[in-house]
Every structure is written in structure tokens, then in C-alpha cells.
Amino acid sequence: MKVQGSIRRRLFFQLGGIAALLSLAFFLTLRVVAENTAEATQDSILAASATAIADSLRSDNGSVSLELPYSALSMLGTVSEDRVFYHVVVSGNSLTGYADLPPPSAPPRPGSPVFDTYDYRGDEVRSVSVMRPVGSAAQSTNVVVTVAQTRLGLEATSQRITTTATGVGVGFFLLATALSLWAASSALAPIDRMTAAVTRRGPKDLRPVTAETPAELVPLVDALNSFMARLRTSLGRSEDFIAEAAHRVRTPLATVRTQAEVTHRKLNKPEHKKAIREMIRAIDESARSAGQMLDHAMVTFRADSLARDDLDLVVLMTETCDRLVPTADLKDIAIRTDFGNDPIPFQGDGILLQAALQNILDNAIKYSPEDSNISATIKVGETIRISFTDQGRGFGDTDMSRVTTRYQRGANVGDIVGSGLGLTIADEVARAHGGGIEISHNNEGIGACVCLYLPR
Amino acid sequence: MRLPLFAALAVALFSGPALAFEIEEQRIYPADPERAVFKIISTADLGVFDPIIRAFQATQPGLTIEYTVTGTTDLMHAIEVEGASFDLAISSAMDLQTKLANDGYAQSYTGAARLPSWANWRNQVFAFTQEPAVLVVSDAFFAKDDAPRTRDALIEVLRANPDRFQGRVGTYDVRTSGFGYLMATQDSRNSEAFWRLMEVMGRLDAKLYCCSGDMIRDVASGKLGLAYNVLGSYAASELATTKGFQIIELEDYVNVMLRTSLIPNTAQNTQAAYAMIDFLSRLNQRPDLVTASGLPAIDTAALQANSSLRPIRFGPGLLVFMDQLKRRNFLRNWENSLLQDK
């Protein structure tokens with residue numbers, strides 16, 4: 001499986017990115033709006049001041065006179081401690097105020113003041129100019145009143161707004177990020193839930209997933225369920241095939257063998273008897289090999305979905321040994337068992353374990369010389385060790401790690417027919433149960449010791 | 001005294017032509033060894049400020065202080081027009097100081113945070129005293145509890161006894177005194193009674209003065225029956241030594257002038273100026289200096305206790321009466337009221 005990215009991370013980063021963008025947009029909007037408002041406030045106070053001055057202009061015997069209203073300038077000091085400048089110009093001539101104050105950028109008309117921003121006396125100022133005709137209609141003079149104010153108060157306000165906007169923006173971003181983290185987790189919660197539900201299942205549980213599924217995951221779950229159904233069918237077929245094959249191969253072989261034995265008894269010529277004996281031996285080997293191959297197939301299949309039945313290893317060993325006693329008797333081999341009568345409980349697949357033990361013991365019998373002993377013991381220590389020690393030819397110089405590989409046989413098998421599957425089956429069964437196989441030389445003389453150990 | 005005198009002479013001789021403003025008094029407070037020089041231009045008389053300067057110098061070892069006394073208008077002229085180099089300008093004319101700051105002749109000092117907001121403008125103009133404008137009446141004209149308590153009552157008294165007060169009332173000549181102009185203009189904003197009072201005083205052939213000290217002396221001696229808009233702090237310290245007059249804080253309202261300092265752009269020794277502003281803003285912690293100088297320190301509680309006290313507010317409003325047209329009109333009105341037969 002190739003892991004490519006994480007939905008949670010992608011979701012989180014995308015939502016976080018959106019939140020950052022929105023925060024930034026929010027911050028900029030707030031600032032622009034607030035600064036425009038602050039500037040508009042200053043502009044309106046300036047315009048009110050200039051208008052108040054213009055309103056107090058009067059014509060005095062043809063010349064323009066001004067009684068500067070106190071409130072016109074004092075109102076500018078109510079909001080901030082900004083510097084204030086003003087200039088009154090009567091048809092191009094300075095009447096009063098700061099004569100060096102720059103003229104408006106465009107000539108103001110009555111009712112439409114002109115706003116300007118420029119540097120004056122070391123500070124940036126905002127100025128407004130209003131125009132008002134003074135005097136009778138016949139000989140009116142145009143008077144331009146300019147009022148200017150520095151923008152320190154505006155700057156302070158803007159600073160305050162920026163600070164607030166930054167705080168709000170950052171707070172909004174953090175909140176949105178936290179929420180997007182939560183949203184990503186909550187959106188993915190059904191996946192986690194379903195993963196847990198599927199993981200929790202037992203090895204043989206191939207039932208369709210029925211957990212509550214969000215609409216988006218329904219196709220995936222449907223596909224999974226359909227896949228599992230096919231798997232179930234396929235596994236069932238394999239099982240059937242194995243059973244069928246075992247039945248079909250073993251039964252005819254048994255019939256052939258019986259017929260051969262009957263024939264053997266009827267024959268009188270020694271060379272004919274010998275030929276039949278050879279045949280029976282070949283049939284036995286075939287039956288044995290077929291049995292082992294089917295055992296191996298069964299092990300492979302059953303190990304994938306290992307059963308955990310409550311077993312008693314003593315009963316299992318006794319049964320195994322009892323089953324092989326006739327085979328051993330043919331070669332006058334005594335199987336000496338040493339495991340008492342106290343049950344040794346173990347959880348595992350009885351059929352597999354029996355196949356494993358049977359294969360080891362069968363192997364031991366096969367490689368043991370006639371009239372010898374095989375001892376079978378169970379020792380319960382840190383692990384459960386089931387050992388079969390024979391007095392056969394042993395494994396010679398064989399690499400012990402290789403004899404458990406499929407179809408690999410020992411270096412000194414000589415003329416003995418074998419499939420090379422026996423120890424492989426035992427090893428796979430032991431591994432499936434969390435144990436293993438140890439092969440060593442017999443400590444008490446010639447022969448080999450095969451030990452299957454299982455965890456307690 | 002020889003050294004200050006010599007210095008004054010030297011300044012007058014060597015820099016005389018350059019200085020168009022009139023130096024009334026000058027004293028140098030030398031330090032030995034001298035590490036720095038601190039030049040103050042001020043409208044406060046030497047007698048008033050001497051204890052404060054000595055106390056300040058004691059906190060600043062090695063600082064030679066040059067204290068120059070001039071009139072309020074001259075101070076403005078010296079800094080605005082002549083660009084004279086001073087480290088600190090102390091004036092009783094708030095409007096002129098405000099205009100200097102507004103027009104960009106002052107430096108900011110953000111360290112003086114101790115001042116209440118009404119005593120500080122733009123971190124450029126720093127108030128350190130609050131001095132009411134009072135009515136001073138002579139004991140020869142008014143019995144102990146007989147003096148008028150409001151402007152209306154004052155007008156009533158003057159109208160009722162024109163013969164008695166003919167030529168016996170005094171007030172500032174607002175044409176020459178910045179403080180007088182400031183008080184008169186604030187009066188004209190505050191009360192309609194002001195112009196009536198000026199009319200009445202004009203009819204009584206009021207005497208016009210340049211300075212509070214002269215008015216107080218004339219009232220105390222009985223030459224004047226009363227003087228209007230006298231600087232309360234001077235009157236109070238005069239009363240400590242001179243008898244024969246009462247100080248009346250009128251009950252309708254009392255204009256309170258704030259004596260202020262600012263650091264001109266031309267200042268060389270700004271560190272000393274900062275130190276001096278801090279020192280002055282802590283004047284209320286030095287009752288000895290308040291007593292010695294007669295300058296009442298900033299005291300918000302006192303202003304809140306007496307609701308008739310109206311401290312003049314800083315702000316661009318003070319620029320209005322600085323307007324040349326406004327000033328011309330105001331002075332014309334004032335002259336029309338006060339100088340009726342001239």
C-alpha cells in the first residue's frame with residue numbers, strides 16, 4: 001500500500017488557509033472602513049469649522065471683515081491635540097490667518113469643499129477649503145476659507161484600529177483554525193469508526209460490514225463487502241476442493257493397496273511377491289505424499305484463519321502416537337511416550353497441530369532403523385516443548401534452517417522416498433501458533449531430535 | 001551681584017542689536033565647575049522665580065542657569081520671529097505659548113506623564129501653576145464684608161457711586177499686557193457682564209496698568225478703590241507683607257490661568273529642560289517653594305472643590321484671539337468701552 005498524503009492534514013490545511021485568507025480580508029476591510037470613517041470624521045469636523053468661519057464673514061462698507069468664531073477652532077481641539085491652521089483669502093488677497101498655508105488644489109465652489117493632504121510646518125495636515133461669496137449680489141467677492149489640521153489624532157486612531165483589527169483577525173484565525181481542526185477530525189470520525197469495526201473482526205469473519213456509514217463511504221464499503229463476498233466464495237471453494245481432492249486421491253489408493261495385499265497373499269512365486277511388495281510400498285508412499293500435500297494445503301489455508309480451540313496437548317499427543325503405532329510396529333519401532341496424564345491446556349487449531357505432530361513422528365519412524373526407539377516428550381517450561389527423539393541417521397551436515405523449506409530434504413536421505421513437506425508442515429503450524437521448530441542432534445547418542453515449541 | 005550685572009550688561013552690549021525683544025531683567029546662576037548652561041526665558045519676575053531656580057540648581061550639579069525676564073509678547077517675538085536660543089520658555093500667556101506650539105516652535109517631551117491631561121497640551125506645553133484672576137479692593141473703600149461678590153454686584157456698586165470711584169478703578173492695559181489680554185478675552189467669552197463692566201469702568205476713567213504689582217500697590221495705598229483681573233498669586237504674596245486690601249475671588253466665575261513652560265525648537269540643552277519641566281510638575285510636593293515663590297502648584301482637587309474656578313482650556317480655541325482681525329476688533333471694542341473720552 002502506498003500512503004499518499006492525509007485527508008485530515010489536507011482538510012486542516014485547506015480550511016486553515018481559507019481561514020487565513022478570510023482573516024486577512026477581514027483585517028483589511030476593517031482597517032480600510034475604520035480609517036475611512038476616522039478620516040471622514042476629521043473631514044466633517046474640518047468642514048464644519050471652515051463653514052463656521054465662512055458663515056461669520058461679513059461685508060463691511062464694501063470690504064470683507066471676519067469675526068473669527070471661538071467655536072470654529074475650539075471644536076477642532078475636542079477630539080485630539082492636533083495643531084490647527086487656517087487662512088482666509090479674499091479675492092486672492094490674504095485677509096487673516098496663516099498666509100503661507102498652501103492654496104487648495106482646485107478652486108472650491110459654494111457647497112462643495114475641497115479636501116487636500118500635504119506637509120505643512122513639519123507635519124502632514126488635512127485641509128479643507130470652502131468658498132463663499134460675500135457682499136451684495138452686484139458686487140460680491142469670493143472668499144476662500146481654508147482650515148487645516150495635523151493628523152496625529154487620526155494616526156493614533158488608525159493605530160488603535162490597526163491594533164484592534166490585528167487582534168480580531170488573529171483571534172478569528174486561531175478560532176477558525178481550531179474549528180477546522182475539529183471539523184477535520186469530526187469529518188473523518190466515521191472512517192476511524194469503520195476502521196476500528198473492521199479491525200476488530202475475527203480472522204474468519206467475512207460478513208459484510210453493516211456499521212453506520214456516511215453516504216460518501218457507501219461505495220467504498222459496498223466494494224469492500226462485495227470483495228469479501230467473493231473472497232468468502234473463493235475460500236469456500238478451496239476448502240471444498242481440498243476435501244474433495246483428499247477424498248478422491250486417498251480412497252482409490254486404499255482400494256488399490258487392499259487389492260495388492262490380497263494379490264500378494266495369492267501369489268506363490270517369490271519374484272512375483274517381491275514385485276507386489278514393491279508396488280504396495282510405492283502405493284504407501286503415494287498415499288503418504290498425497291496426504292502430506294493435502295495436509296500442507298490445509299495448513300496454508302487454515303493458518304490464515306487460525307482457530308483458537310481449547311485443546312489438551314496430552315490427548316492430542318496420545319492420539320497421534322496411537323495412530324502411528326501400527327506403522328511403527330511394521331519396523332519394530334517402540335514409541336516411548338513421557339508426558340504423564342495431567343492435561344496440558346493449549347489454545348489452537350487441533351487439526352493443524354495433529355497434522356504437525358503426525359508429520360514429525362511419521363518422519364522419525366521413516367528415518368529410524370528397524371528395532372529402535374523413538375521417545376516423545378512434552379516439557380512445560382517457559383514454552384511448551386514437544387520433542388521427538390529417534391535413533392536414525394540424523395540430518396548429517398544438512399543446514400538445519402533449510403530442511404523446513406518446502407521440498408527441501410536432508411543431505412543424507414539416501415534411498416528413502418520423501419516429499420520434503422513433513423517438517424515444512426510442522427514448521428508452518430508451529431509458526432501459525434506463535435512457536436517454531438528446533439532440529440538438533442540426539443544428545444544421547446545417534447539420531448536426531450525434532451522439537452516443536454509453542455508459547456504458553 | 002556683580003557677576004549677574006556684568007552678564008546682563010554683556011548681553012545688552014554684545015547681542016543688543018540682534019535682540020529686538022526687551023530684556024527686563026537677567027541673572028546668571030553660575031555653577032562651579034560649570035558643565036552645562038541652561039538658558040531660560042521667562043515672564044515671571046526674578047523675585048518670584050529665584051527660589052525655584054536655586055532649588056532646581058541644587059538638584060543639577062554643574063549647571064549654570066541663565067534666567068532672562070521679558071514680557072509675554074516679547075517672549076513670543078523672541079522665539080517666533082528672532083529664533084533666539086533658549087532652552088526653556090516660561091510664560092503666563094497660555095494663548096501665546098499655545099500658538100508657539102501650534103505653529104511648530106516647540107519640541108515634544110513625552111516624559112512628563114505626571115501632569116493631569118488638562119495641564120498638558122501635545123506634550124509640548126506644560127502647566128505648572130494655576131493662578132486665578134481676582135478682584136483686589138482697597139480697605140479704604142470697602143469694609144470687611146462689604147465688597148461685591150459677583151461682576152453684576154460690582155457693576156451695581158460702580159454705577160451707584162460714580163463720584164467715589166471716578167479715576168479710582170484700575171485694570172490691565174490689554175494692548176500691552178499679554179496676561180491682561182488673555183483674561184479679557186476669556187471674560188468676553190464667559191460673560192456678557194464683561195463688556196458692561198468695561199463700559200462702566202471706562203465711564204469712571206479707569207487707570208490702565210501694565211502689571212499686577214503696580215495695581216496691587218495702588219489699591220493697598222488707597223490710590224485705587226479696586227483693581228479688576230489682578231493676578232491672584234501676586235496679590236496673595238503681596239498680602240503677606242502689605243496691608244490695606246482684600247482679595248476677592250468673584251463667585252460667578254474665576255478665570256484660572258495656567259503658567260506654562262515649553263521647550264523651543266532652538267533649545268540646546270534639552271536634558272536640562274526636561275529636568276526643569278519634571279521639577280516644575282512636582283512643585284506641589286515642595287510647599288516651601290510654593291510659599292517662597294507665591295506660585296500655586298497644579299492641584300486638581302482644588303479646582304474640583306470650587307466650581308466657580310474655570311481653568312482656561314488648552315487647545316486651538318486659544319488661537320482665536322491671536323487672530324489679527326479678531327485681535328484688532330477686540331481691541332477696538334475694548335478701547336471704545338474703556339477710553340470713551342479720549
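Odds and ends about this structure:
- Residues (farther than 25 Å from A:ARG302 by Cβ and either in contact with an Asp or Glu (Cβ under 9 Å, 6 or more places away or on another chain) or small (Gly, Ala, Ser) (or both)) located in the stretch A:336-368: A:GLY340, A:TYR367, A:SER368
- With respect to the stated conditions, A:THR300 is of a type in the set (Ser, Thr, Tyr) and not assigned by TED's automatic domain parsing to the domain that holds A:SER375.
Listed here are the residues, each with its yes/no results for (1) more than 14 Å from chain B (Cβ to nearest Cβ); (2) within 30 Å of A:PHE13 (Cα to Cα); (3) surrounded by 15 or more Cβ atoms within 10 Å (Cβ to Cβ).
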| position | (1), (2), (3) |
| --- | --- |
| A:ARG121 | no, no, yes |
| A:VAL125 | no, no, yes |
| A:GLN139 | yes, no, no |
| A:VAL145 | no, no, yes |
| A:LEU152 | no, no, yes |
| A:ALA165 | yes, yes, yes |
| A:ARG193 | yes, yes, no |
| A:ARG201 | yes, no, no |
| A:ARG207 | yes, no, no |
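- A:ALA99, sole failed condition from (1) more than 11 Å from chain B (Cβ to nearest Cβ); (2) under 29 Å from B:ALA106 (Cβ atoms): (1)
- Residue satisfying all of: in the stretch B:165-179; modelled with pLDDT under 90 and part of a helix (DSSP H, G or I); nearest to the chain's Cα centre (by Cα) among these: B:PHE179
Results for (1) among the β-branched types (Val, Ile, Thr); (2) closer than 26 Å to A:ALA156 by Cβ, shown as yes or no for each residue.
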position	(1), (2)
A:ILE18	yes, no
A:PHE26	no, yes
A:THR29	yes, yes
A:ALA38	no, yes
A:ALA47	no, yes
A:ASP55	no, no
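- Selection status of B:LEU309, under 20 Å from A:SER74 (Cβ atoms) and surrounded by fewer than 17 Cβ atoms within 10 Å (Cβ to Cβ): yes
- Hits in the stretch A:64-92 - residues which are without any contact (Cβ under 8 Å) to a residue 12 or more places away in the chain and more than 10 Å from chain B (Cβ to nearest Cβ): A:GLY92
- Taken over the stretch A:335-368, the criterion of being out of contact with any Lys or Arg (no Cβ under 7 Å at 6 or more places or on another chain), part of a loop (DSSP other than H, G, I, E, B) and acidic (Asp, Glu) is satisfied by A:ASP342 alone.
- Test: residue in the stretch B:97-107 that is under 28 Å from B:GLY170 (Cβ atoms) and more than 13 Å from chain A (Cβ to nearest Cβ): yes
- First in the stretch B:291-305 and among the polar types (S, T, N, Q), second anywhere and at pLDDT below 90, Cβ under 7 Å, 6 or more apart: B:SER293/B:VAL48; B:THR300/B:PRO116
- Flag for A:SER49 being assigned by TED's automatic domain parsing to the domain that holds A:ALA156 and surrounded by fewer than 20 Cβ atoms within 10 Å (Cβ to Cβ): no
- Inside the stretch B:312-334, residues that are more than 22 Å from the chain's Cα centre (by Cα) and more than 10 Å from chain A (Cβ to nearest Cβ) make up a count of 2.
- Residues that are of a type outside the set (A, V, I, L, M) and surrounded by 15 or more Cβ atoms within 10 Å (Cβ to Cβ) were ranked within the stretch B:283-299; the one that is farthest from the other protein chains (Cβ to nearest Cβ) is B:GLY294.
- Residues of the stretch A:129-153 that turn out to be β-branched (Val, Ile, Thr) and farther than 17 Å from A:THR96 by Cβ, as a count: 1
- Qualifying residue in the stretch A:30-47 (condition: within 13 Å of chain B (Cβ to nearest Cβ), out of contact with any Lys or Arg (no Cβ under 6 Å at 6 or more places or on another chain) and either among the β-branched types (Val, Ile, Thr) or touching a residue at least 12 places away in the same chain (Cβ under 8 Å) (or both)): yes
The values are calculated or read from the model by the stated rules, or taken from the named source; none is laboratory data. All figures in this text were calculated on a predicted structure; none of them were measured in a lab. Every residue, glycine as well, gets a Cβ built from its backbone with ideal geometry; the counts of neighbours run over all protein chains shown.
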